[in-house]
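Some notes on the structure that comes next.
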Amino acid sequence: MIYCILFLILKYIELYSRLLGEQIPMYMYYVPTDKLEALAYDALLLIRGALLNSENNLRRVINERHDASLNKIWEELKANRYILSKQLEKDSLVRKTNVDSLQKVIYSLEDSLIIKCKAYGDITKNMKLKWQDIQKCLSSSDVAIEFLSFPIENDSVMYAALTLRKDDRSPKLVPLFEEKQLKNISDSLCYQSKDMTQLVWEPLFQELQGVKNIYFSPSGALYNIGIEYLPGMEDYNIYRLSSTRELVTGGKTKTKNRAVLYGGLNYDARFEKSAIEKSIVMLDEIFKERANVRGMGLRGGKEYLEHTKEEIDIIAEEFDKVKWECLIDSAAMGTEESFKALSGKNIGCLHIATHGFYYAKEDADNARYKFMLIDNDMISAEDKALTRSGLLMSGANHILEDEELPDNVEDGILTAKEIADIDLRGLNLVVLSACQTGLGDISQGEGVFGLQRGFKKAGANSILMSLWEVNDEATQILMTQFYKNLVSGQSKRQSLQSAQNYLRMYKNEKGGQCYNDPKYWAAFILLDGIY
């Protein structure tokens, strides 16, 4: 069998990701030279999101060509991948399909797809970017920063930054701190004292002279810390990126003035035809998916979030002011079916106010939580991780309370893996107004495997998400103010920053609850919100 070009490249990157992401930086740390620093920056551009970008380019070529034979191969490939994943969840004694034979069929379809796509365009062009390409996008007041983490002596992990400015001869390495130093900083003081600032940003201050805009891509533990909100950094415009490659490839998204809002969901809703009739027939039966929630901390059901309905009603009013078409899915209508029916509908903004969840592998194993067999070698690390992050939709409590469900409905648990299979191309902004939506398994090269990964694979441009459990009322205030700012013409980053400041001063304006504590406003981070 001839393996297709794309998957050979991805296997190569996976094989050498340790060399590119750890060993080169480690050697550079001990023997810094301009050439090694340039090589390390280029390596990070190559491995960060390589799989994601290659898959998205593949989808782009397929969708742009309107080739019936190409689309047929693509749909057949997706169906067979799904069948394989569902068969691998079952005990080998009860499988109805020979998974080895099915895997060979998948490889053959991948070969055919890539060979056919190669005639239409270069699906790996973003993998050729170098640091000079990033530099061309910078102004004199900009800096691009690729954070990196790598092992050093004494079983320690070192954090450093590769900085790049408009007139630099090459990227510059700035050592920062050892990972063990993070453990000395209390989570509750992270955003209130300058201890974290001293670790992450102070070593960079020399490189930040004359800088107004900071574009950074995190690494390791920094994925789970809102370093853009640390004390002392208020005078900078700081943008969190999947990779500084986004400065070249991001661009403004052409989008429809159409928004879909989920909130006020009824997790106890009965699965009646009236609640899901708008999505009946929109989903092929083969793509219906059930979550195995036995042993999960989610079990027992989730309570109604009273402020989320008010949240989406106010947001809808804001969209109405600028003549956006707006669809509200609440109560029993906010089903998993209705979400999947958005595939291919080209919406501009998606807002989801609900319960979110993320389980680390260790927690999932301890809870005997298996959306699929975690240790099955035929399932990719990405897919395993994407099944452990998700959102609860209408009716989810039935499966959480161990009830039997009708055969023709979804279970209301929307995983990141399911989201990844949906076509959300053209989606400029997705807002996940829920707990822990920014968390996931951290990959050295690919970033965070969680909800953000699922939405990125589906085609979303920018994502507003949370790093910890959030307060219902505070989130409602933050989100409604965010959209007021957004429709008034502010950028995404400006809209979020202004909304956070508004929330922090809320007691002074309204005379009610005080939300100045970072636990209320610092949870939400904006990914790839350049425009």
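The values are calculated or read from the model by the stated rules, or taken from the named source; none is laboratory data. Since we're looking at a predicted model, the values are computed, not measured. No Cβ is skipped: glycine too gets one built from the backbone with ideal geometry, and neighbour counts run over all protein chains shown.
Being out of contact with any Lys or Arg (no Cβ under 6 Å at 6 or more places or on another chain) and under 25 Å from Thr244 (Cα atoms) holds for only one residue in Leu424, Leu503, and it is Leu424. Considering only residues of region 249-260 that are under 19 Å from the mean Cα position of the chain (by Cα) and modelled with pLDDT under 95, which is nearest to Trp324 (Cα to Cα)? For region 249-260, the residue satisfying everything is Thr253. Scanning region 123-162 for residues that are touching a helix residue (DSSP H, G or I) at 6+ places or on another chain (Cβ under 8 Å), at pLDDT below 85 and in a loop (DSSP other than H, G, I, E, B) returns Ile123, Thr124. Here Asn516 meets the list (1) under 26 Å from Ser217 (Cβ atoms); (2) at pLDDT below 95 almost entirely, failing just condition (1).
Can Ile314 be described as touching a Leu at 6+ places or on another chain (Cβ under 8 Å) and either in the same structural domain as Asp411 (by TED's automatic domain parsing) or in contact (Cβ under 8 Å) with a residue 12 or more places away in the chain (or both)?
no
With respect to the conditions (1) surrounded by fewer than 21 Cβ atoms within 10 Å (Cβ to Cβ); (2) under 23 Å from the mean Cα position of the chain (by Cα); (3) acidic (Asp, Glu), Asp329 falls short on a single one, namely (1). Those strands (runs of 3 or more DSSP E) of region 384-503 in which 2 or more residues are in the same structural domain as Phe319 (by TED's automatic domain parsing), farther than 27 Å from Leu222 by Cβ and not hydrophobic (A, V, I, L, M, F, W, C) are absent. Within region 25-50, the set of residues being within 17 Å of Pro218 (Cβ to Cβ) and free of Cβ contacts under 8 Å to residues at least 60 places away in the same chain comprises just one member, Ala43.
I need every pair where a residue in region 339-355 that is basic (Lys, Arg) and in a loop (DSSP other than H, G, I, E, B) has its Cβ under 6 Å from the Cβ of a residue that is surrounded by 21 or more Cβ atoms within 10 Å (Cβ to Cβ) and modelled with pLDDT of 95 or more, sequence separation at least 6 or different chains. Short answer, once both residue conditions are applied: none. Restricting Phe455, Phe482 to residues that are at pLDDT 95 or above, touching a helix residue (DSSP H, G or I) at 6+ places or on another chain (Cβ under 7 Å) and under 15 Å from Asp528 (Cα atoms) narrows the list to Phe455. Please note which helices (runs of 4 or more DSSP H) are completely contained in region 1-97 and include at least 2 residues that are modelled with pLDDT under 75 and not hydroxyl-bearing (Ser, Thr, Tyr). Filter on region 1-97 gives 5-18, 50-65, 68-88. Scan region 180-190 and tell me whether some residue there is out of contact with any Leu (no Cβ under 9 Å at 6 or more places or on another chain), touching a residue at least 24 places away in the same chain (Cβ under 8 Å), farther than 21 Å from Leu526 by Cα and of a type in the set (D, E, K, R). Taking every residue of region 180-190 in turn, at least one turns out to be out of contact with any Leu (no Cβ under 9 Å at 6 or more places or on another chain), touching a residue at least 24 places away in the same chain (Cβ under 8 Å), farther than 21 Å from Leu526 by Cα and of a type in the set (D, E, K, R). When Ala416 is tested against (1) free of Cβ contacts under 8 Å to residues at least 40 places away in the same chain; (2) over 30 Å from Glu146 (Cβ atoms), only condition (2) is not met. May I ask you to verify whether Leu222 is under 30 Å from Asn53 (Cβ atoms) and assigned to a helix (DSSP H, G or I)? Considered against the rule, which asks whether it is under 30 Å from Asn53 (Cβ atoms) and assigned to a helix (DSSP H, G or I), Leu222 comes out as yes.
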